[in-house]
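Participant: First, the structure itself, so that you have it in front of you.
The values are calculated or read from the model by the stated rules, or taken from the named source; none is laboratory data. What you are looking at is a predicted structure, and each value in this text was computed from that prediction instead of being measured. Neighbour counts are summed over all protein chains in view; Cβ atoms, including those assigned to glycine, are modelled from backbone coordinates with ideal geometry. Side chains are part of the model used for accessible areas, which takes the heavy atoms of the whole protein and leaves out ligands, DNA and RNA. Shrake-Rupley method; radii C 1.70, N 1.55, O 1.52, S 1.80 Å.
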Amino acid sequence: MTQGLTGNKKARLVVLISGGGSNLQSFIDASENGSLNAEIAAVISNKVGVAGLERAAKADIPGIVMDHRAFDSRQEFDENLAELIESFNPDLVILAGFMRILTPDFVTRFLGRLMNIHPSLLPAYPGLHTHQRAIDAGDSEAGATVHFVTPELDGGPSVLQARVAVETGDSAADLAARVLGYEHQIYPQAAQWFCQGRLVMQEGLAVMDGEALGENGIIFN
Ligand code: GRF
């Protein structure tokens, strides 16, 4: 076995959610079946009562709510969130449907150990309503991209991208459902590469096995 990021120990992850947590579930499943050599130390949600917290509870993972509405500013929320995350000593922080824009201070603090999944073929369509925008543009393909997070919204270097054909008559919801199935495959895979020490962010680039990746990252197939 190759020497991983944390030697023989499992890497520690903290997962941030705001909703259903189906991506969180893919991490729980992958860590349970051994395809991801990591332990989820905590799940943090900025929303009360979301299904992702039930998934965490079922898997005996501590689930914590930090409601952004309890803070006076974005800066204050992010500072408290960062402290909470650090208290779990994570090797990697996973944004899994965490619907908050993060301050540059927060991102800088976790730079190189903060990942996100975005439902588009980045660098196309940062921001919201990605599937509708792909349909409206008449694109033949849509998809999802795992990327390292930098202060620019959905602008960090791409790691792994799944491409899904847009079918005639697809609604945004149809497309989102098909893409989500791929998200569950590519996100734990990218995290596993990181945990193995094969994937790093260096000088603003995603580097896999010593080679800088291009603007779309690795294409999943
Ligand atoms: C996913 O589509 C993800 O790409 C986006 O938010 C959604 C989260 O879904 N960032 P879930 O909460 O993981 O089910």
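Participant: How much space per residue, in cubic angstrom, does the convex hull of the C-alpha atoms of the chain take up?
Facilitator: Spread over its residues, the Cα hull of the chain gives 123 Å³ apiece.
Participant: Do me a favour and compute the ellipsoid semi-axes for the range 117-221 from its Cα gyration tensor, root of five times each eigenvalue, largest one first, whole Å.
Facilitator: 25, 14, 10
Participant: How would 131, 68 rank on accessible area, largest to smallest, probe 1.4 Å?
Facilitator: Details: 131 20, 68 45 Å².
Largest to smallest exposure gives the sequence 68, 131.
Participant: About the Cα centre, and with charges only on the beta carbon of Lys, Arg (+1) and Asp, Glu (-1), how big is the dipole of the chain? Nearest 20 debye, please. Before the final figure, lay out each step's value.
Facilitator: On the way: 15 positive and 27 negative charges, 87 e Å.
Dipole size: approximately 420 debye.
Participant: Oh, and also: Just report the Cα centroid separation between the range 7-75 and the range 164-221, whole Å.
Facilitator: Going from one Cα centre to the other spans 20 Å.
Participant: Calculate the dipole size of the range 117-221 relative to its Cα centre from +1 charges on Lys and Arg beta carbons and -1 charges on Asp and Glu beta carbons; express the result in debye to the nearest 20. Numbers along the way, then the final one.
Facilitator: Details: 4 positive and 13 negative charges, 47 e Å.
Around 220 debye, computed over the range 117-221.
Participant: Now a separate question. Could you sort 211, 79 by their accessible area in this structure, using a 1.4 Å probe and putting the largest first?
Facilitator: Descending order: 211, 79.
Participant: Sticking with this structure for a sec: Over all pairs of distinct alpha carbons, what does the Kirkwood formula give as the hydrodynamic radius of the range 162-214, in Å?
Facilitator: One over the average 1/r among Cα pairs gives 13.0 Å for the range 162-214.
Participant: When the Debye formula is applied to the Cα atoms of the range 10-110, each taken as the same point scatterer, what base-10 log of I(q)/I(0) results at q = 0.15 Å⁻¹?
Facilitator: Scattering profile of the range 10-110, log10 relative to I(0): -0.55.
Participant: Carbon and sulfur atoms: what percent of the 1.4 Å accessible area of the chain do they account for? Please report the intermediate quantities before stating the final value.
Facilitator: On the way: 5180 of 10420 Å².
Ligands and nucleic acids excluded, carbon and sulfur give 50 percent.
Participant: Using alpha-carbon pairs under 8 Å, 6+ residues apart, how would you state the relative contact order of the chain in percent?
Facilitator: 20
Participant: Okay, next question. Could you work out the relative contact order of the range 10-110, using alpha carbon pairs under 8 angstrom and six or more residues apart, expressed as a whole percent?
Facilitator: 38
Participant: Stretch residue 73-residue 88 to full length: gain in nm at 0.36 nm per residue minus the Cα-Cα span?
Facilitator: 3.0 nm
Participant: While we're looking at this one, here's another question. Can you list which of the GluC sites (Glu not before Pro) found in the range 140-202 are DSSP loop residues with at most 16 other C-beta atoms within 10 Å?
Facilitator: Here the GluC sites (Glu not before Pro) that fit, given the DSSP loop and packing criteria, are 152, 167.
Participant: Quick one: work out the % antiparallel among DSSP beta bridges in the chain, nearest 5. Don't skip to the end; give the middle numbers.
Facilitator: Values: 18 of 38 bridges.
The antiparallel proportion sits near 45 percent.
Participant: Ignoring ligands, DNA and RNA, what accessible area per residue does the chain give at 1.4 Å, in Å²?
Facilitator: I get 47 Å² per residue for this part.
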